[in-house]
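The values are calculated or read from the model by the stated rules, or taken from the named source; none is laboratory data. A quick note: this is a predicted structure, and the numbers were derived from the prediction, not measured. No Cβ is skipped: glycine too gets one built from the backbone with ideal geometry, and neighbour counts run over all protein chains shown.
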């Protein structure tokens, strides 16, 4: 007997379903259920996943949702037609947009009436409208409800739903429902109200019920499921179960055949760009492109002309002119408002994008592959990402999009947050009744390092943390933690992806409010949007863009120079000298430990070297073992060879080693005769959701193509390895080039305008790899004078101050005073601007926003030392006065008490000042703590970071320093890289997994360490391979360490 | 003069107190960490100096400590600490009747008048130290003219100290201010000022201190100067409310027992009334004469506890309650000793509410309930109470209930709104049976020694739960009409899916 399941919920119902849509589709196929309707709660969150999986398993995917109606339960609504789908999306959007996040979005009866067309209504399960009506008013209530549903949806669009889960109460409800259906001559429909794919997943459903109600399993009682029967059942099983109502089974087939809508055709249309009369979008784009090209390419060569014509023709053919114009419009908006913008990603492969000013890379000059951006065969929208300064300016652009396309015409893409190690450990522990202390501990031990040892399983982590896995409850806990992995937890907002639609976006996908005010988000993530052909523009916030912009303003103001980022002097030797020496702290993309370790070996001397450098230190090239061969070839240590002579044109620029995704695509095109579109398909197939089956198919296709081209088996193996290993984590060349531009700009500014660049960097922190303490010390080593925070001079932000000799110095801003709010700091600056403060008492009185803690911190860090006519006021004098100033003497004695500027307290010593600086600001502008102990260390034969660099390979040495970075990269086979800092610079220490196992506490815990070991000095890259480590008593200062967990 | 007895690392020492003396000496040399927290994730709560020298700190996890090797790990036992504190107070009491149990590991005694017994202060200190050592404590003693100076000296100096009257300020001067009782905020202020010792604190001008830190600042400064005088809060002698009577000849009759019981309860109540306290819980212990009969012992001690619904001082009510219990008690031997112990609490001060339902007096109700218990017993074989209010448990598992202590204050409201259903008389326990199936459905059920034909069946009704613990259950129910010699019977049968066994659960009226 044939049967279709028309009422199912997936885990995308967020705590009301326990299986992924893919699992539901898979089990449906196994049970020979030919179609299924996914009706997630309050949305169509899981619909794209279900649609794609259903296609894969050969079943039909019907779409719908359970929509909550005030005081009437959850209405299961099935989509019959495209109109129905649009109505459902609008209905959900209407309810969601007026509802606070985390509250249940309720639909009103009149709204139901307004959006009923094209929808089919079922009477639902125990939470449905019929059960609610029967419970409230008995049979007459049910009777009235059915009349109401018929009047809203039409007689043929209402089905009386029957479910049988072995529950007496449910059966009595079924009997009442059957009676009412007969009376109103409505069709019966058997469903199983599926909440999970198989009976075992009922346990997760119970766990989710507990999380929903904030209860533990032991106390949840009847909130848990009655039994395990809400799983997918085969047609035979359902037929047996409903033997007394065969029509209820037959109707499932009949109804399924009526549901003609699928997500295949959403009716999505990208907005049309308004063009002047007499123009079409194509002609307008053409004009804008040629206008731009004439500025960009001087002169426009034949090659450029041909490429632009080719691109424009394809854009016209694919009807994408509107998309390019809209992105161009955004770029124009940024230009008008002085907002830095730069396109990244595959858009940099397009000469049209370059001509329109969207990207800053000349794809023709760099010989970039246009097909990576756009191809006819791929049948999908191109992807343009715009980098914007993070913060307010990016928000301005986002709000411009909303303003231009309407609140319901544009929205951010969602980000589906899933249960991962920590969240799973925490939530499952909560449900099993673990106390808060244990929960915190458990969640902190799961996955603390990026590197995952092959044996570093959850079991091992639990065992290591002292949990007894033989204990039944702990075993259950572990099991639940593993099973819940990757199930959706909640929906958040993607960092920058925006979807725009011609007409109303809310008829394509439901919209809901994001947590940030003024933001609207769609119910699908960026992959879902891409899979369903929704076009998106990524407006990404990049901290470095903000730094560049701020730097330009500071340079204009303090250096009196105008720097144009688009026309920076290229290939400046001093800039490349600095980069080659790996003196790159603060520079974009090339400041990490791994980048620093490869820079001297790559030895960049021109822009393209930076492009390769950016792409080189990526998981793809590293795991594909391409980094070392490339660097060796750069240094002439190994010959430049090619896997096959046909690949020479493709790999020549990267010395025979593929480093970019485009090369991968070209490899497939040349060796295996893939078309541009097929090659792009290959890249996608190897993407983040790769499957073994798909990999095998692709490999077979590749090998078949290569065999046809008479490429031998050994070379085939090499090419397959190239492709499969780095397709996942490699950079596209265009993307690397865009980043390299920013990297060069940051390096240029740091080398030429250190004060401005450092100020901008500190004002835009957090960003990048290093803590401000390190950035400040680096700037000081480069000759910049950094002045401490001073309430008489500092602004909220760090600023540039000329000193007595007219040299520029950096004044630390009040933003670095721990615990000081911007409101209080602004009030302080404003009061000071009107009339300077005369004493601490005056400051405390005139800026009431400063609390005791603020004043004490300001005093401790020396920021109040200049607040007196007495030039010898020290930090403790200020603290002494602060305690008095905050205990006001009352109106009677106001002003009568003498201000005693001196205190009986002794001045802070060096160590106390260091501790106060790091506690109060996280950094010191004075000497590095190690500097105070240098003499002592030198007598012990301990080398400084600078001295270490001069030691020969293979020597043994001991260094000492403050640990500023601990990192265990996923690609380093368990090795930990530790960076030590002293007053002369930084030194890198390599810690092997065995050494780590024996010295865990010293590696993880101590701030100052003494490390002895063997020097590895290769090609100017110096490491110390640790053979001994011990804590060092240098200072009690809480120096920050950036540990990459 | 006052002497402070201070036990450093009290928690560690308390945990070792029960060890034999030789073992204790050995153990003290090794690193010890006391762990606290859930069994799945214990953490270090306290350590001894050897452990601290090795780098073990409070807050570390067991796993972290284990990486050090050779560390003796023990679980924290609050009862051990309470018992150790009692030993410390008792030790102090042997030197002076006026003892203050100041805090865990600290006792202060008033030495006034004791010099005639023990000689000069040095002798007293030696005697205290010797006695403490014999008990198992490694403690420090400090003598001073006021309790707080003695306490600070004992905490701050690493050896026994005697501070002559008038020399407090100078002797206390080198101590770190961290030992003064103050908030972390205040400590932060002193830290910022660079004030690390008592001497530095006392050097600050007093007026300036008051201006900045108020009275608390001045108090701390006076403490550092050794100028705070306060009376001791002495330990109440015999604060336990226990009355006991040992019979010259073991008694066998209830009357004799009741007579003494009444007297003891009277004494207990009088003491409680004098202390303005009431009884919250009562313990009765009967020590029986041990008789050797046929190679076995008879006369195991008997004990019973009552948790009273409201605190009381009414001896008659208590007597009635205990007497009722004794009436239904059958003892195996005559009673040698009778003990009653009260848990004291503040008496209840409450006024009735005008709108509260009329209910029996709580005390009388308790007597009535005890009478009923005398008839039906305390609890059944499964440990469910026999007297009280039945309450359904919040679970899908059928027939799950508990019996709670009856209280007239929570009489359930009218629940007659439920729809009328046919009554199911439940067999407790359910009758184990066997069922023959026809496909999925029951065909014959074995009941009342016969094989009964099922001519109608409704089901299966499935339920399951508690899958996360050992009491996991799953059942499939059928409501069946059985042919019986009397005609037709309607029964509920179910299959326990875990035990794979059929049961008859009940019969429908």
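Before moving on, here are some points about what is shown:
- Checking each residue in the stretch A:987-1004 for being farther than 20 Å from residue A:945 by Cα, in contact (Cβ under 8 Å) with a residue 12 or more places away in the chain and within 14 Å of chain B (Cβ to nearest Cβ) picks out A:996, A:999, A:1004.
- Residues located in the stretch B:428-472, provided they are in a strand (DSSP E or B), buried (at least 18 other Cβ atoms within 10 Å of the Cβ) and within 11 Å of chain A (Cβ to nearest Cβ): B:459, B:461, B:462, B:463, B:464, B:465
- Test: residue in the stretch A:182-197 that is free of Cβ contacts under 8 Å to residues at least 24 places away in the same chain, part of a helix (DSSP H, G or I) and away from chain B (no Cβ under 14 Å): yes
- Test: residue in the stretch A:912-932 that is without any contact (Cβ under 8 Å) to a residue 40 or more places away in the chain and within 14 Å of chain B (Cβ to nearest Cβ): yes
- Residue match in the stretch B:80-94 (condition: farther than 30 Å from residue B:122 by Cβ and buried (at least 16 other Cβ atoms within 10 Å of the Cβ)): yes
- Failed item in (1) modelled with pLDDT under 85; (2) within 27 Å of residue A:543 (Cβ to Cβ); (3) assigned to a helix (DSSP H, G or I), with residue A:747 passing the rest: (1)
- Residue satisfying all of: in the stretch A:412-426; closer than 12 Å to residue A:482 by Cα and more than 14 Å from every other protein chain (Cβ to nearest Cβ); surrounded by the most Cβ atoms within 10 Å (Cβ to Cβ) among these: A:424
- Looking across A:482, A:493, A:504, one residue alone is more than 14 Å from every other protein chain (Cβ to nearest Cβ), modelled with pLDDT of 80 or more, surrounded by fewer than 22 Cβ atoms within 10 Å (Cβ to Cβ) and more than 27 Å from residue A:211 (Cα to Cα). It is A:504.
- Considering the conditions (1) part of a helix (DSSP H, G or I); (2) more than 14 Å from chain A (Cβ to nearest Cβ); (3) more than 30 Å from residue B:118 (Cβ to Cβ), residue B:65 is excluded by exactly one of them, (2).
- Taking the criterion of being touching a helix residue (DSSP H, G or I) at 6+ places or on another chain (Cβ under 6 Å), within 27 Å of residue B:78 (Cβ to Cβ) and crowded, with 20+ Cβ neighbours inside 10 Å, the residues of the stretch B:102-131 that qualify are B:105, B:107, B:108, B:109.
- 2 or more residues under 17 Å from the mean Cα position of the chain (by Cα): qualifying strands (runs of 3 or more DSSP E) within the stretch A:501-574: A:520-525, A:536-542
- Residue selected from the stretch A:242-263 under the condition without any contact (Cβ under 8 Å) to a residue 12 or more places away in the chain and not in a helix (DSSP H, G or I), by the criterion farthest from the chain's Cα centre (by Cα): A:244
- Enumerated helices (runs of 4 or more DSSP H) restricted to the stretch A:792-872, each holding at least 2 residues that are under 36 Å from the mean Cα position of the chain (by Cα) and at pLDDT 95 or above: A:822-834, A:852-860
- Residue among A:66, A:16 that alone is surrounded by fewer than 24 Cβ atoms within 10 Å (Cβ to Cβ), at pLDDT 95 or above, touching a strand residue (DSSP E or B) at 6+ places or on another chain (Cβ under 6 Å) and not in a helix (DSSP H, G or I): A:66
- Between A:954, A:974, the distinction of being touching a strand residue (DSSP E or B) at 6+ places or on another chain (Cβ under 7 Å), at positive phi and assigned to a loop (DSSP other than H, G, I, E, B) belongs to A:954 only.
- Single residue of A:266, A:224 found to be under 25 Å from residue A:7 (Cβ atoms) and within 14 Å of another protein chain (Cβ to nearest Cβ): A:224
- Residue A:1022 meets all of the listed conditions (1) within 14 Å of chain B (Cβ to nearest Cβ); (2) touching a helix residue (DSSP H, G or I) at 6+ places or on another chain (Cβ under 6 Å) but one, namely (1).
- Being touching a strand residue (DSSP E or B) at 6+ places or on another chain (Cβ under 7 Å), free of Cβ contacts under 8 Å to residues at least 24 places away in the same chain and either away from chain B (no Cβ under 14 Å) or surrounded by fewer than 18 Cβ atoms within 10 Å (Cβ to Cβ) (or both) is true of residue A:943.
- Being assigned to a helix (DSSP H, G or I) and more than 15 Å from residue A:262 (Cα to Cα) is a description that applies to residue A:91.
- Looking across the stretch A:157-181 at every residue that is touching a strand residue (DSSP E or B) at 6+ places or on another chain (Cβ under 8 Å), more than 14 Å from chain B (Cβ to nearest Cβ) and without any contact (Cβ under 8 Å) to a residue 60 or more places away in the chain, the one that is farthest from residue A:236 (Cα to Cα) is identified as A:180.
- Which numbered condition residue B:57 misses (of (1) part of a helix (DSSP H, G or I); (2) within 14 Å of chain A (Cβ to nearest Cβ); (3) closer than 22 Å to residue B:155 by Cβ): (1)
- Residue selected from the stretch B:129-148 under the condition over 17 Å from residue B:226 (Cα atoms) and not in a helix (DSSP H, G or I), by the criterion modelled with the lowest pLDDT: B:136
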